[in-house]
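Below is one structure, written out as structure tokens; comments come after it.
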Amino acid sequence: MGLLSKKDIKLITDPLADNNPITIQVLGICSALAITAELKASIVMSIAVLFVMGLGNLTISLMRNIIPSKIRIIVQLIVVASLVIIVDLVLKAFAYELSKTLSVFVGLIITNCIIMGRFEAFALGNGPVRSFIDGVGNALGYALILIIVGFFRELLGSGTLLGYKVLGDPIEKTGVYAFGYENNGFMLLAPMALITVGIIIWVQRSRNEALIEDN
């Protein structure tokens, strides 16, 4: 037998596909709109959420039997806020410029519906190991969408990936541009993040009709 059961593996694979927290549950949209103009920012935000969600689920699960039900939301907020503070301090210490780019959106991880939702729906009713796996799985599902959106927005909006030039500038030849790419500044605007997420949702549902709800 492997280290993980089939149920444990599903906790990781489901959020990557048919139960993705962004495209299926429509949670955590704000950061997809706000910070995905650069792939690097998308990756760092994804790592931050992975850290907070994995350890947060683990902590809440370990404390689940001693948390009074009347103050469980307060306790959950304290746990996630403490982890977010750690992330914010690490970013300021080792990646100050990037921390300024992410700005207040790191702090807004505290109010991320995905994190609080998994605390309530899973960590409070399951053991530490499964809760940790659930947190990692949902964080990876969140990260997958952020990285896809960040990839296309930076590539098509700036012609770069991780700050490195990928698509060459247009070459003017007798008044006609050729052999190059004209950056699409519209891709860097917030509405294109929503449109890109919408395209991902459309592709996902076109490949799996079971995700289409009957009206």
Gain upon complete extension [LYS70, ASP88; 0.36 nm per residue less C-alpha separation]: 3.6 nm
Protection proxy ranking, peptides 70-78, 138-146, 42-50, 120-128, average beta carbon neighbours within 10 Å, highest first: 138-146, 42-50, 120-128, 70-78
Extension gain (nm, one decimal) between ALA17 and LEU77, 0.36 nm per residue minus Cα-Cα: 18.8 nm
Table column - 3J(HN,Hα) (Hz), segment 79-85, Karplus curve with 6.51, -1.76, 1.60, x for Gly and Pro: 4, 5, 5, 4, 5, 5, 4
Using θ = phi - 60° and Karplus 6.51 cos²θ - 1.76 cosθ + 1.60, couplings along segment 5-14 (whole Hz; Gly, Pro as x): 7, 4, 5, 5, 5, 5, 4, 8, 7, 4
Lys, Arg +1 and Asp, Glu -1 on Cβ, resulting dipole of segment 7-64 about Cα centre, debye, nearest 20: 160
Between segment 1-53 and segment 124-147, the Cα center-to-center distance that results, in Å: 7
LEU194-LEU3 pseudo-label distance in nm [points 7 Å out on the Cα-to-Cβ vector]: 4.2
Top positive-direction residue, dipole computed over segment 6-205 with Cβ charges, set ILE201, SER103, VAL75: VAL75
Over segment 6-205, relative contact order from alpha-carbon pairs under 8 Å, at least 6 apart, %: 35
Computed E for VAL129/SER103 - FRET, C-beta separation, R0 25 angstrom, nearest 0.05: 0.10
About the Cα centre, charge dipole magnitude for the chain (Lys/Arg +1, Asp/Glu -1 at Cβ), debye: 600
Interchain or long-range residues, amide H under 5 Å from LEU161's placed H: VAL166
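Values quoted throughout were computed directly from the atomic coordinates according to the rules given, and no laboratory measurement underlies them. Because the structure is a prediction, the values reported are computed rather than measured. All Cβ positions, glycine included, derive from the backbone under ideal geometry; neighbour counts span all protein chains shown.
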